[in-house]
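Okay, structure first, notes after.
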Amino acid sequence: MKITVSANLGGYSFNIDEDAYTELKRYLKNLEMHFAEEESSSEILSDIETRMSELFRQKLTSYKQVITIEDVREVTAILGSPEDISDNEGSTARQKFSSPGYHRMYRDPDHRIIGGVCAGVGAYWRIEPWIIRIIFVALAMAGGLGILIYLILYIVLPEARTTAQKIEMKGDPVNIHNIKESVKREFDTVRKTMKL
Amino acid sequence: MDLENTKAQMRKGILEYCILSVISRNSCYASDIIKELKEAKVIVVEGTLYPLLTRQKNSGLLSYRWEESPQGPPRKYYELTDAGREYLKELDNSWEELIDSVHLIRKGKQSTI
């Protein structure tokens, strides 16, 4: 026995197995992120959803009323992965830039108070530096651990001197999304294998 | 060099042209276009079509109207605008030129004389 979810796709209501629903949702989310920069992304997505709904309806009969994960895999294969669909030459360049290696932690000399460690950490995680500073001060007062960590980071982290390094320090906005997504994907696969 | 990639690049180049050609014969909705493109083997994954259609519509080459369908929700029927017809004519010409050029190159100069 499996739990099914009811979902509206292109104006049609489908009964979908829970695992199939998760897969489908991930696919659509991926597409959405892929077309995020496109002018009419919502229109493209709704057109694709309409087509999906058409393909799913062809799979249903009076004996088979629920969309399974195999159906979802088949239909998404017909429609293609976001990478297959995308035809921008620019996207390859963006992918290159968004590899995790391009987002590194530096000390930020432009916003430093002592050595730029907190400013650099803040820039890397996109957190206000003063929040990091408060944490460090609190750790320093509670036994001096903050001072030790600060010193280690000061030695380990290079200073962002060139423009390229400063860009790497902040990372690209698209980049963060990609990293989040890949982390999420990894998490999902890990979760799946654990279940099995 | 990756053969599949080179082939895909070739197909990509003519896909936009093929879409306009299909629509120029009859106003049609996305699944009709897909069917024709698939039969002609110029498209591999269906999803490629939708961003192209929307871009062509946004740049004024296509327009669409909603039409009731006997089965399922209303469908978007695409047709060429005047600008789209002009555009297609240009592409027709350059396609002819391209065929001649490739033909010339493949056969070598002597055989054409």
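The values are calculated or read from the model by the stated rules, or taken from the named source; none is laboratory data. Note that this is a predicted model, so its numbers are computed, not measured. Cβ placement follows ideal geometry from the backbone for every residue including glycine, while neighbour counts extend to all protein chains displayed.
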Q.
Looking at the stretch A:9-33 only, could you name the residues that are acidic (Asp, Glu) and within 14 Å of chain B (Cβ to nearest Cβ)?
A. A:GLU32
(Q) I need the helices (runs of 4 or more DSSP H) fully contained in the stretch A:1-90, keeping only those with at least 2 residues that are aromatic (Phe, Trp, Tyr), closer than 30 Å to B:SER63 by Cβ and out of contact with any strand residue (DSSP E or B) (no Cβ under 6 Å at 6 or more places or on another chain). (A) none
Q.
Every residue in the stretch B:70-109 that is among the small types (Gly, Ala, Ser), surrounded by 13 or more Cβ atoms within 10 Å (Cβ to Cβ) and without any contact (Cβ under 8 Å) to a residue 12 or more places away in the chain, please.
A. B:GLY72
**Q.** Hits in the stretch B:1-29 - residues which are in a loop (DSSP other than H, G, I, E, B) and not polar (S, T, N, Q)
**A.** B:MET1, B:ASP2
**Q.** Test for A:SER6: is it more than 14 Å from chain B (Cβ to nearest Cβ) and without any contact (Cβ under 8 Å) to a residue 12 or more places away in the chain
**A.** yes
Q.
Can you tell me how many residues within the stretch A:5-58 are aromatic (Phe, Trp, Tyr) and at pLDDT below 90?
A. 2
Q: Tally the residues that are more than 8 Å from every other protein chain (Cβ to nearest Cβ) and within 15 Å of B:GLU16 (Cα to Cα), restricting the search to the stretch B:36-54.
A: 8
Q) Taking the condition under 19 Å from B:GLY72 (Cβ atoms) and of a type in the set (A, V, I, L, M, F, W, C), does A:ILE3 pass? A) no
**Q.** Meets criteria (more than 16 Å from the chain's Cα centre (by Cα) and closer than 18 Å to A:LEU45 by Cβ) for B:ARG75
**A.** yes
Q | Failed item, numbered, when A:ALA123 is tested on (1) surrounded by 15 or more Cβ atoms within 10 Å (Cβ to Cβ); (2) farther than 29 Å from A:GLU37 by Cα; (3) modelled with pLDDT under 90 | A | (2)
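So that you can scan it fast, the table gives a plain yes or no per residue for (1) under 30 Å from A:TYR27 (Cβ atoms); (2) in a helix (DSSP H, G or I); (3) modelled with pLDDT of 70 or more:
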residue	(1), (2), (3)
A:ILE147	no, yes, yes
A:ILE155	no, yes, yes
A:ALA164	no, yes, no
A:MET169	no, yes, yes
A:HIS177	yes, yes, no
A:VAL183	yes, yes, no
A:GLU186	yes, yes, no
A:VAL190	yes, yes, yes
A:MET194	yes, yes, no
Q. Out of curiosity, is B:LYS76 assigned to a strand (DSSP E or B), within 13 Å of chain A (Cβ to nearest Cβ), at negative phi and charged (D, E, K, R)?
A. yes
